[in-house]
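Trainee: Mind having a look at this structure? Questions to follow.
The values are calculated or read from the model by the stated rules, or taken from the named source; none is laboratory data. On a predicted model such as this, the values are computed, not experimentally measured, just so you know. Cβ coordinates were reconstructed from backbone atoms using ideal geometry, including for glycine residues, and neighbour counts include every protein chain displayed. Remember, those area values only see protein heavy atoms, side chains included, never the ligands or the DNA or RNA. Shrake-Rupley method; radii C 1.70, N 1.55, O 1.52, S 1.80 Å.
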Amino acid sequence: MAEQALLLVNLGSPASTEVADVRRYLNQFLMDPYVVDLPWPLRRLLVSMILIKRPAQSAHAYASIWWPEGSPLVVLSKQLTDAVRPYWKEGPVELAMRYGEPSIEGALVRLAGQGIRQVTLAPLYPQFSESTTTTAIEEARRVIREKRLDIKLSILQPFFDQPEYLDALVDSARPYLAQGFDHLLLSFHGLPERHLHKTDPTGAHCLKGEDCCQRAEGAVLASCYRAQCIQSAAAFAERAGLRDDQWSVSFQSRLGRAKWIEPYTETRLDELAASGVKKLMVMCPAFVSDCIETLEEIGDRGREQFIEAGGAELQLIPCLNTHERWVQALVALCRRAPLSL
């Protein structure tokens, strides 16, 4: 039986905290048309303006959470890859980043050179969005097409509602929830609202009512990031035995002036502190590995904001990282990945 490689794909990170490396990374990231979905001339102009000041600011943020071994996201993703290898008996297991190194192109060329003809591509994003899932898949297809690689892809689908993922999420969070808390905030990465409108197959559902995400199903649910986040959060809360008043959902990491999906995490932190919440737990289920958005944005800046607003303690619950239940869940999910036509 032919070997089938597993290629885990995460977002990526600058090579270092030097401003030049951060600028190079941000340029690659923001010039992706799936991330900043503007015509090329407008995208180039906007990104060039962002790159005047943003690299120095981001470099400072990266430096505050950087580990001796390197970027936490890359280090944790490598550890996850190592943890998966003993369970994936079908063939080699590789790691790639959509931006930066190790690259998707390098990984696929290397696998093809080893004689691998079947690859399970696993974008490590529980919820679907074009700016994460689609761009990783399209980059892999581009490499296969342009390098003329004889590789067939099976693709891990978004797993926001899969029992293995949800059970792993509950298991990883349980020791922290057991410490007691006033409120749990499930903070997901945000998206511009226009991304939701663009992927709505009906053109008439997304953001058309207060409960549109709770009512999403079928093709609408399959393409709606916000609905998938909310349904992940509700399924997690049910499995964890939480009351409705013990948890809420928000969206973080806004960039630019466009309207992003709400409620905003920054706003919720102030609201929760003002409502009398003293001990706040925050988890970030859109990420499977801790990164600058969890460690710095929530763990540092979010904690400072919450305490300044009157809260007493903010506990960041770590991402799944290399939790044993998650490692086994990921392998099970990848084994079910359908062949891409």
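Trainee: Once you treat every alpha carbon in the chain as an equal point and sum by Debye, what is log10 I(q)/I(0) at q = 0.09, 0.15 Å⁻¹?
Mentor: Treating every Cα as an identical point scatterer, log10 I(q)/I(0) equals -0.48, -1.44.
Trainee: Filter the trypsin sites (Lys or Arg not before Pro) in segment 193-252 down to the DSSP loop ones having no more than 14 other Cβ atoms within 10 Å, then list what survives.
Mentor: Answer in residue order: Lys208, Arg243.
Trainee: Moving on to the next point. Would you compute the Debye intensity of segment 141-242 from its alpha-carbon atoms alone, equal scatterers and no solvent, and pass along log10 I(q)/I(0) at q = 0.12 Å⁻¹ to two decimals?
Mentor: Evaluating at q = 0.12 Å⁻¹ gives log10 I(q)/I(0) of -0.57.
Trainee: Also, I was wondering about something else. Determine the equivalent ellipsoid of segment 1-94 by diagonalising the alpha-carbon gyration tensor, then write out the semi-axes as square roots of 5 times the eigenvalues, largest first, rounded to whole Å.
Mentor: 32, 20, 7
Trainee: Also, I was wondering about something else. Given that compact globular proteins tend to follow 2.2 N^0.38 Å, what is the ratio of the alpha-carbon Rg of segment 72-192 to that value?
Mentor: The value comes to 1.24.
Trainee: Give me the angle, in degrees from 0 to 90, between the Cα long axis of helix 135-146 and the longest principal axis of the Cα atoms of the chain, rounded to the nearest 10.
Mentor: Tilt relative to the chain: about 10 degrees.
Trainee: How large is the dipole of the chain about the Cα centre if only Lys and Arg carry +1 and Asp and Glu carry -1, each at its Cβ, rounded to the nearest 20 debye?
Mentor: On the way: 37 positive and 42 negative charges, 211 e Å.
In total the dipole reaches around 1020 debye.
Trainee: In Å², what does the accessible area per residue of segment 144-200 work out to with a 1.4 Å probe? Walk me through the intermediate numbers first.
Mentor: Working: 2510 Å² over 57 residues.
About 44 Å² of surface per residue is accessible.
Trainee: While we're looking at this one, here's another question. At a 1.4 Å probe, what is the % contribution of carbon and sulfur to the accessible area of segment 149-272? Intermediate values should be presented prior to the final figure.
Mentor: Working: 2670 of 5630 Å².
Carbon and sulfur together cover 47 percent of it.
Trainee: Quick check: the angle from helix 40-65's long axis to the longest principal axis of the chain, C-alpha only, nearest 10 degrees?
Mentor: The angle comes out at about 70 degrees.
Trainee: Leaving out ligands and nucleic acids, note down the accessible area per residue over segment 1-100 with a 1.4 angstrom probe, in whole Å².
Mentor: Dividing the accessible area of segment 1-100 by its residue count gives 49 Å².
Trainee: I would also like to ask the following. Apply the Kirkwood formula to segment 202-341: the hydrodynamic radius equals the inverse of the mean of 1/r over all pairs of different alpha-carbon atoms; give it in Å with one decimal. Mind dumping the intermediate values first?
Mentor: On the way: mean 1/r = 0.0585 Å⁻¹.
So the Kirkwood estimate lands at 17.1 Å.
Trainee: Something else now. Counting only helical runs of four or more DSSP H residues, what would the 222 nm mean residue ellipticity of the chain come to if each run contributes -39,500 (n - 2.57) and the total is spread over all its residues?
Mentor: -13500 deg cm²/dmol
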